[in-house]
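K.L.:
Sharing a structure with you now.
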Amino acid sequence: MSTPYKFQGWLGMDKDSVNGKMVWGDYEPKTWTESDVDIKITHCGQCGSDIHTLRAGWGYTIFPCCVGHEIVGTAVKVGSAAKKGIKVGDRVGVGAQAGSCLKPDCEDCSAGLENYCSRMVGTYNGKYADGSKSYGGYAKYTRVPSHFVFKIPDGIASADAAPMLCGGITVYAPLTHNGCGPGKRVGIVGVGGLGHFGLLFAKALGADKVVAISRTRSKESDAKQMGADDFIATDEDKDWAKTHRQTLDLIVSTVSSPKMPLGQYFRLLKTQGQFIQVGAPEDKIPSFSAFALIAKGVKFGGSSIGSPAEIDAMLKFAAEKKIKPWIVTRPMKDANQAVLDLEDGKARYRYVLVNEPEGAHL
């Protein structure tokens, strides 16, 4: 079905695209169905997943690929079978997931765990059941099934909402799943795009104590402004694992380094504490002794983004608590340079690409 607008975006053509070599071009969106929503993109946050995918670091990338899965914009076309009461003109967003089977006999989908469905479709670098590809938000427009499109609350600016849709939910979900709140002491490993959300949400959820854990103290001042009550610098604090042993109930790790000191992190946990990994390194995580878990009944787990219901709950919570991420906006036309800067660790703490007004040229 023809539209009065073109689907155009920054396309990674091969693994070298991660080196600032994406190319602006047309692409064919998913086949239209009456449950879909077309979105004119105003903002798209940048995620570490974009880097991993552009260089095919996690495995096979379906080139050409348009990355970006922290999308906010305006609904410009809404199918007759669209869900959630979405209307043309609504301000809406899309996170890292654009599809799942949604079948009644799927244990995950029927339990509201669509993000764990074996037929999960990523917002980019994925394929729908009909074989059409998914393309992300470094673009002018996108098309997504309405089940995975979210209305943005009035209390959240579009630039702030965008990074919440992946970065925010990736830490909000494990925090809420694992009891973050009054009576809990929570550690966040890594003060970056994900970790800074962890600090903001852990504090807003009412944790008794929030501890930022990083290699150096270069971000300590920022972390404390975000809500950290204490700070551990693992490369600088002598005997840090011994000094802070058994002081935390829950640790959420946002780092993606294959060299992280897992065994020492476990020492920070109280008896029956929980360590949840959300950062996804391209290499294997470090080995550790089973006794690090057995001796204290510690649980080691993982978490992947969040379900649509959890994303809606997070957005409502963020609006109520007036949570504001630390972002830097960049013009969409400068996406290649922003990718290079993100890879160099320059973001403080999330880059958000912004499309120019209609009629402006890239």
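K.L.:
Order these by the 10 Å Cβ neighbour count, fewest first: Met22, Met120, Met164.
P.N.:
Going from sparsest to densest Cβ surroundings: Met120, Met22, Met164.
K.L.:
Would you kindly derive the ³J(HN,Hα) couplings of the stretch 23-38 from the backbone phi angles with the Karplus curve 6.51 cos²θ - 1.76 cosθ + 1.60 (θ = phi - 60°), listing them in order in whole Hz, with x for Gly and Pro?
P.N.:
10, 6, x, 7, 9, 9, x, 4, 4, 5, 10, 6, 9, 8, 9, 8
K.L.:
Turning to a different aspect of this structure: Where the centroid of each part is defined by its Cα atoms, how far is the stretch 288-362 from the stretch 218-277 in Å?
P.N.:
One Cα centre to the other: 20 Å.
K.L.:
Moving on to the next point. Which lysines, on any chain, are close to Lys203 with Cα under 20 Å apart, when same-chain ones fewer than 8 places away are left out?
P.N.:
Lys184, Lys219, Lys224, Lys270, Lys316, Lys321, Lys322, Lys324
K.L.:
Pull up all non-local amide H partners of Gly99: gap of 5 or more, or a different chain, and H-to-H distance under 5 Å with H placed in the peptide plane.
P.N.:
For Gly99, the qualifying residues are Val121.
K.L.:
Return the aspartates and glutamates within reach of Lys209: Cα separation strictly under 18 angstrom, same-chain partners fewer than 8 residues apart disregarded; answer none if there are no such residues.
P.N.:
Filter leaves Glu220, Asp222, Asp229, Asp230, Asp249.
K.L.:
Taking the Cα centroid of the stretch 1-52 and of the stretch 76-124, what is the distance between the two, rounded to the nearest whole Å?
P.N.:
The stretch 1-52 and the stretch 76-124 have Cα centres spaced 18 Å from each other.
K.L.:
For Cα pairs less than 8 Å apart in space and 6+ apart in sequence, what is the mean separation divided by the residue count of the stretch 167-302, i.e. the relative contact order in percent?
P.N.:
Normalised by residue count, the contact order of the stretch 167-302 is 21 percent.
K.L.:
If you add up the charges near Ile152, with Lys and Arg at +1 and Asp and Glu at -1, over every other residue whose beta carbon is less than 13 angstrom from its beta carbon, what do you get?
P.N.:
Taking every other residue near Ile152 into account, the sum is -1.
K.L.:
What spacing in nm lies between the two simple spin-label points modelled at Glu34 and Phe291, each 7 Å away from Cα in the Cβ direction?
P.N.:
So the label points at Glu34 and Phe291 sit 6.5 nm apart.
K.L.:
Explain nothing, just compute: Karplus ³J(HN,Hα) = 6.51 cos²θ - 1.76 cosθ + 1.60, θ = phi - 60°, for every residue of the stretch 210-227 in order, whole Hz, x for Gly and Pro.
P.N.:
Here the 3J(HN,Hα) series is 10, 10, 8, 10, 9, 6, 10, 8, 4, 10, 4, 4, 4, 4, 6, 5, 7, x Hz.
K.L.:
Taking the chain as a whole, which cysteines find no other cysteine Cβ under 4.7 angstrom from their Cβ?
P.N.:
Cys44, Cys47, Cys65, Cys66, Cys101, Cys117, Cys166, Cys180
K.L.:
Just want the answer: with Cβ charges of +1 for Lys and Arg and -1 for Asp and Glu, which residue in Thr254, Ala290, Val94 is farthest toward the dipole's positive end in the chain?
P.N.:
Farthest along the dipole direction, towards plus: Ala290.
K.L.:
Placing +1 on the Cβ of each Lys and Arg and -1 on the Cβ of each Asp and Glu in the chain, which of Gly227, Val23, Ala318 has its Cα farthest towards the positive end of the resulting dipole?
P.N.:
Gly227
K.L.:
Long-range amide H contacts for Lys77: which residues qualify at under 5 Å (H placed 1.01 Å from N, peptide plane, sequence gap of 5 or more or a different chain)?
P.N.:
Here Asp38 satisfy the definition.
K.L.:
Read through the labelled values [x] 0.98; [y] 1.04; [z] 0.91 and report the label of the one computed as Cα Rg over 2.2 N^0.38 Å from the structure.
P.N.:
Among [x] 0.98; [y] 1.04; [z] 0.91, the one derived from this structure is [x].
K.L.:
Let me ask something additional. Determine the calculated [θ] at 222 nm for the chain from helices alone, applying -39500 (n - 2.57) to every DSSP H run no shorter than 4 residues and normalising by the residue count; nearest 500 deg cm²/dmol.
P.N.:
Taken over the chain, the calculation gives -6000 deg cm²/dmol.
K.L.:
Can I ask one more? So how strong a dipole does the chain carry about its Cα centre when Lys and Arg Cβ are +1 and Asp and Glu Cβ are -1, to the nearest 20 debye?
P.N.:
Roughly 620 debye, rounded to the nearest 20.
K.L.:
To continue, here is another question. Got a sec? How would His177, His196 order by Cβ neighbour count within 10 Å, fewest to most?
P.N.:
Least crowded to most crowded, the residues run His177, His196.
K.L.:
So for the chain, averaging the separation of alpha carbon pairs under 8 Å that are six or more residues apart and normalising by length, what relative contact order in percent results?
P.N.:
After rounding, I find 18 percent.
K.L.:
Tell me, what HN-Hα J-couplings in whole Hz come from the Karplus equation 6.51 cos²θ - 1.76 cosθ + 1.60 at θ = phi - 60° for each residue of the stretch 272-284, using x for Gly and Pro?
P.N.:
6, x, 10, 10, 10, 9, 10, x, 10, x, 6, 9, 6
K.L.:
Quick one: which residues, 5+ away or cross-chain, put their amide H under 5 Å from the amide H of Tyr351? H built at 1.01 Å from N.
P.N.:
The list, which skips near neighbours in sequence, is Gln46, Val328.
Read-outs throughout are calculated quantities, based only on the coordinates presented, and are distinct from any laboratory measurement. Model, not experiment: these values are computed from the prediction. Note: ideal-geometry Cβ built from the backbone for every residue, glycine included; neighbour counts use all protein chains shown.
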